[in-house]
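The values are calculated or read from the model by the stated rules, or taken from the named source; none is laboratory data. Quick caveat: nothing in here was measured; it's all calculated off a predicted structure. Cβ placement follows ideal geometry from the backbone for every residue including glycine, while neighbour counts extend to all protein chains displayed. With ligands, DNA and RNA removed, areas are computed over all heavy atoms of the protein, side chains included. Shrake-Rupley method; radii C 1.70, N 1.55, O 1.52, S 1.80 Å.
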Amino acid sequence: MSAAEEGTASADGPRRRAVSPDRRTRQPTEVRRRLILEAAVPLVLEHGVGGVGLRDIARAAGVSVGTVTYHFGGIGEIIGEAVSIEIDAYYRPLGERMLSAPSAVEGLDVLVTGVFNTETDQHWRLWFESWAADAVRAPDTLQRRRYEDWSDRIAELVERGRTSGEFLCDDVAETTVRFSALVDGLALSLIHI
């Protein structure tokens, strides 16, 4: 392999590229972005946000580090978008099933079953890793908005139950906050971060 194939030389010898040129393929922009985001999720789940670098993501995505930095401003942006994709894929259908249940009690059952089952471990790990990353970097406003939207859906279910007489609560907003805190706390204890 020539020095050009291996990357630029350093005092320690030639540097290896994240992906060798013969393994690279040219993809449309949105495909490359999606490859990068999809590659980031398992790395974050395995190593945590702090244990993942641009080179790791590039290698896993089969692209160069330059391609990663061309499409994203850094790790924070990649993690934020990857978490957003996961959150949308997780919460949107769950919220629809919850709110379309015949009664508020059945909607609550859909919600609890949906957030605590064997398939949600990955979701919760990614969610809490993202929260941990937000403690170090500026919080992701898009993610905060998604959490608020999810809280609004829970509030809609609580209000529906209160109106139908299925739930007894004086303050829908307070009940929603307490329920969300209970779910998040229980999920954190169950995954043993």
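Summary table below
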{"read-out": "The stretch 24-134, accessible area per residue, ligands and nucleic acids excluded (1.4 Å, Å²)", "value": "48"}
{"read-out": "Tensor-based shape of the stretch 140-193 (alpha-carbon gyration tensor, a/c under 1.5 rounded, otherwise prolate or oblate)", "value": "oblate"}
{"read-out": "Sequence-separation-based contact order of the stretch 71-193, relative, with Cα cut under 8 Å and 6+ spacing, percent", "value": "30"}
{"read-out": "Unit charges on C-beta of K, R, D, E only; dipole of the stretch 51-157, Debye", "value": "360"}
